[in-house]
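The values are calculated or read from the model by the stated rules, or taken from the named source; none is laboratory data. This one's a predicted model, so the numbers in the text were calculated from it and none came from an experiment. In this analysis, Cβ positions are derived from the backbone assuming ideal geometry, glycine residues included, and neighbour counts consider all displayed protein chains. Side chains are part of the model used for accessible areas, which takes the heavy atoms of the whole protein and leaves out ligands, DNA and RNA. Shrake-Rupley method; radii C 1.70, N 1.55, O 1.52, S 1.80 Å.
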Amino acid sequence: MSCKTPAEIAECAVNAAVNKSRLPLSVMSVMGFLAGAYIAMGGYFMTIVTQDASAFVGVGLSKLAGGIVFALGLLLVVGAGGELFTGNCLMPIGVLSNRCSWSGLLRNWVVVYLTNMAGGLFFALLIYKSGGISDKAAETALNIAAAKVSIPIAQMIVRGILCNWFVGLAVWLAFGATDMAGKYIACLVPISAFVAMGFEHCIANMYFIGLGIMLKGDTALIERLAYPADKLAGINLCGYLNNLIPVTLGNILGAALLVACLYFVAFRKSLTDGAKIS
C-alpha cells in the first residue's frame, strides 16, 4: 500500500485549498449538502450500534464500536465526494502559501457550513419520518442530544479543538493515500479515536441535536419513554446554537492551527517558492 510523503501531502493540501476556493457556488452547495448528510449517516449508524452495546461489552468498547461505524461519514465524504466544513478547516494552508485568498476561503466556509447543516437536518428528518427508529434508539438519540447541550461552553471549545485536530489529521492522511483502502484506514483510526474520547464535531452535532429536537416534539414517544423533563429542557433551538457556536470555533482552531498552520511552518519553503494567488 503506497502513500505520499509528508511534504507531498502538504502540497496536496494546498492544491485542494485552491480548488475548493474556486468551486462554483452550485457545485459547492450540492457537495456541502451531501457531506452533511453523509456525516449524519455515520451518526445514525453509531446510534443504532451503541444503543445497547455497553450492556454487553462495556462502555469503552461500546464507544470504540461507535467511533468505528461513525467513520462511515468521513469515508463517504472522502471517497464518494463532498465538501465538509471541518475538513475544509485545513484551507488556511493555501492562504498562508499565497495560493488562494481569504475571501475564497471564507466563501467556501460559509456556503459549506450552511449546506452541511441542511444535509444533516434533511437526513435527520428522513429518519424521524421513516418510522424505523425504535424506542430504544430514540432514547439513545435523546440522550446524545441532551448530553451535548449540557456541556459547559469552555469545555465545548476545548472538545471542539481536540475533535478537529483528529479530523484534520484524518483528512491530511487521506490526502496521502493513493487508493481507497488507504483512504479508509486514514479515516477510520483518527475518527474512531475522537468519537471514543468524547470530543465535539459541529457538523455531527447539527444532526444529533437536530434529531433530538424532532424526537422531543413527539409527545407520544416522550410519554412512552417516560423521558425526564429536566433532560429535555435544553434540547431546543437555543441549546442547538449554544452548542454549535463554541464547538465550531473549537473545530476551526483544531484543524487550522494544529494541523494546517503547523505543517505550513514545517514545509514553508517548498510551499511558498514561486507561489502566488492567481
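Suppose the filter is among the charged types (D, E, K, R) and in contact (Cβ under 8 Å) with a residue 12 or more places away in the chain; does LYS183 pass it?
Working: among the charged types (D, E, K, R): yes; in contact (Cβ under 8 Å) with a residue 12 or more places away in the chain: yes.
For LYS183, the condition - among the charged types (D, E, K, R) and in contact (Cβ under 8 Å) with a residue 12 or more places away in the chain - is met.
I need the helices (runs of 4 or more DSSP H) fully contained in region 176-278, keeping only those with at least 2 residues that are more than 26 Å from VAL77 (Cβ to Cβ) and open to solvent by 50 Å² or more (accessible area, probe 1.4 Å). Give the steps one after another, and end with the answer.
Details: elements: 180-197, 202-216, 219-225, 229-232, 237-255, 262-266, 268-272.
The qualifying helices (runs of 4 or more DSSP H) are 219-225, 229-232, 237-255, 268-272.
Looking at LEU114 and the list (1) in contact with a Phe, Trp or Tyr (Cβ under 7 Å, 6 or more places away or on another chain); (2) assigned to a helix (DSSP H, G or I); (3) of a type outside the set (Asp, Glu); (4) under 26 Å from MET214 (Cβ atoms), which single condition is not satisfied?
The number of the failed condition is (1).
Could you please let me know if MET156 is touching a Pro at 6+ places or on another chain (Cβ under 6 Å) and in a helix (DSSP H, G or I)? If you could, list the steps in order and put the result at the bottom.
On the way: touching a Pro at 6+ places or on another chain (Cβ under 6 Å): yes; in a helix (DSSP H, G or I): yes.
Against the criterion (touching a Pro at 6+ places or on another chain (Cβ under 6 Å) and in a helix (DSSP H, G or I)), MET156 qualifies.
Being open to solvent by less than 40 Å² (accessible area, probe 1.4 Å) and β-branched (Val, Ile, Thr) is the filter; apply it to region 92-112 and report the residue that is nearest to ALA256 (Cα to Cα).
Checking each candidate, the answer is ILE93.
Where the second residue is open to solvent by less than 40 Å² (accessible area, probe 1.4 Å) and among the charged types (D, E, K, R) and the first is on the phi > 0 side of the Ramachandran plot and lies in region 18-40, which pairs have Cβ atoms under 9 Å and are six or more apart or on separate chains?
Going by the 9 Å Cβ cut-off, there are no qualifying pairs.
Applying the selection to region 66-91, what residues are open to solvent by less than 40 Å² (accessible area, probe 1.4 Å) and without any contact (Cβ under 8 Å) to a residue 60 or more places away in the chain?
Selection gives VAL69, VAL77, GLY81, GLY82.
Among what's in region 41-65 and is at negative phi and without any contact (Cβ under 8 Å) to a residue 12 or more places away in the chain, pick the residue that is surrounded by the most Cβ atoms within 10 Å (Cβ to Cβ). Break it down into steps so the answer makes sense when it comes.
Just the residues of region 41-65 that are at negative phi, to begin with: 41-57, 59-65.
Among the residues that remain, those that are also without any contact (Cβ under 8 Å) to a residue 12 or more places away in the chain are: 54-57, 59, 61.
Details: SER54: 15, ALA55: 9, PHE56: 8, VAL57: 13, VAL59: 12, LEU61: 13.
Restricting to residues being at negative phi and without any contact (Cβ under 8 Å) to a residue 12 or more places away in the chain, the top hit is SER54.
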